[in-house]
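*Asks:* Can you keep this structure in mind? I'll have questions shortly.
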Amino acid sequence: MTSEPEQQIGVGTQDAFQRLWTPHRMAYIQGENKPSGPGADDGCPFCSIPAKSDEDGLIIKRGELVYTVLNLYPYTGGHLMAVPYRHVADYTDLTTAETAELAEFTKRAMIALRTASGAHGFNIGMNQGTVAGAGIAAHLHQHVVPRWGGDTNFMPVVGHTKVLPQLLGDTRKMLAEAWPTA
């Protein structure tokens, strides 16, 4: 469906771009759910999420030392994170067992995403420290971002927005059902 550009008199320069308004992103931009400090008791969402039901916390799978959860402010549909239960900021502070389970949950997340949504590739990584881009630097978390050929990767760059084709609760259910047992 193609439409004519809307007149934008008085609100900037007219162009041929369509606008996708994502007002829900303002919560993230304004710092909603950000901890007030570096401690586990300073409102860390990664420490409080495990106390919720899987549905309310958007938890996909719980392990012994690590859990996976959908990103509340995803880059693409299915963007999830592997998170240690223990409140630790630096990757080098993980125990050997935590490191192993984090790696295993990352592998299983990739399998679940391929099974559930046919992901073609992935961006996987963690930002260590605020200066490196960590939104919540005090609690380590590894991002698993599914990618598809022709996906909307350009949107954050040129459109300053993200396109999500599915509600987070539906995505959580789909991935939980596709999670491999071993």
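The values are calculated or read from the model by the stated rules, or taken from the named source; none is laboratory data. These figures come from a predicted structure and were not determined experimentally. Every residue, glycine among them, receives a Cβ derived from its backbone with ideal geometry; neighbour counts consider all protein chains shown. Accessible surface areas use protein heavy atoms only, side chains included; no ligands, DNA or RNA. Shrake-Rupley method; radii C 1.70, N 1.55, O 1.52, S 1.80 Å.
*Asks:* With respect to Tyr85, is the statement that it is touching a helix residue (DSSP H, G or I) at 6+ places or on another chain (Cβ under 8 Å) and modelled with pLDDT under 95 true?
*Replies:* Working: touching a helix residue (DSSP H, G or I) at 6+ places or on another chain (Cβ under 8 Å): yes; modelled with pLDDT under 95: no.
Taking the combined requirement at face value, the residue does not satisfy it.
*Asks:* Moving to a separate point now. Give the residue that is farthest from Leu65 (Cα to Cα), with candidates limited to residues of region 83-128 that are of a type in the set (A, V, I, L, M), under 16 Å from the mean Cα position of the chain (by Cα) and open to solvent by less than 60 Å² (accessible area, probe 1.4 Å). Full working, then the answer.
*Replies:* To start, the set of residues in region 83-128 that are of a type in the set (A, V, I, L, M) comprises 83, 88-89, 94, 97, 100, 102-103, 109-113, 116, 119, 124, 126.
Keeping just the survivors that are under 16 Å from the mean Cα position of the chain (by Cα) gives 83, 102, 109-110, 112-113, 119, 124, 126.
If we keep only those that are open to solvent by less than 60 Å² (accessible area, probe 1.4 Å) as well, we get 83, 102, 109-110, 112-113, 119, 126.
Values: Val83: 9, Leu102: 8, Ala109: 16, Met110: 19, Ala112: 19, Leu113: 21, Ala119: 26, Met126: 18 Å.
Taking the candidates together, the pick is Ala119.
*Asks:* Of (1) at pLDDT 65 or above; (2) surrounded by 13 or more Cβ atoms within 10 Å (Cβ to Cβ); (3) under 16 Å from the mean Cα position of the chain (by Cα), Glu55 satisfies all except one. Which?
*Replies:* (2)
Per-residue answers, yes or no, for (1) part of a helix (DSSP H, G or I); (2) over 17 Å from Pro50 (Cβ atoms); (3) of a type in the set (Ser, Thr, Tyr):
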site: Leu72; (1), (2), (3): no, no, no
site: Tyr75; (1), (2), (3): no, yes, yes
site: Met81; (1), (2), (3): no, no, no
site: His87; (1), (2), (3): no, no, no
site: Glu98; (1), (2), (3): yes, no, no
site: Ala103; (1), (2), (3): yes, yes, no
site: Met110; (1), (2), (3): yes, yes, no
site: Arg114; (1), (2), (3): yes, yes, no
site: Asn123; (1), (2), (3): no, yes, no
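*Asks:* Here's something else I'd like to know. Quick check: is even one residue across region 137-147 aliphatic (A, V, I, L, M), at pLDDT 95 or above and crowded, with 18+ Cβ neighbours inside 10 Å? Can you show your working first?
*Replies:* Applying the first criterion (aliphatic (A, V, I, L, M)) to region 137-147 yields 137-138, 140, 144-145.
Narrowing further to those that are at pLDDT 95 or above: 140, 144.
So of that shortlist, the ones also crowded, with 18+ Cβ neighbours inside 10 Å come out as 140, 144.
There is at least one residue in region 137-147 that is aliphatic (A, V, I, L, M), at pLDDT 95 or above and crowded, with 18+ Cβ neighbours inside 10 Å.
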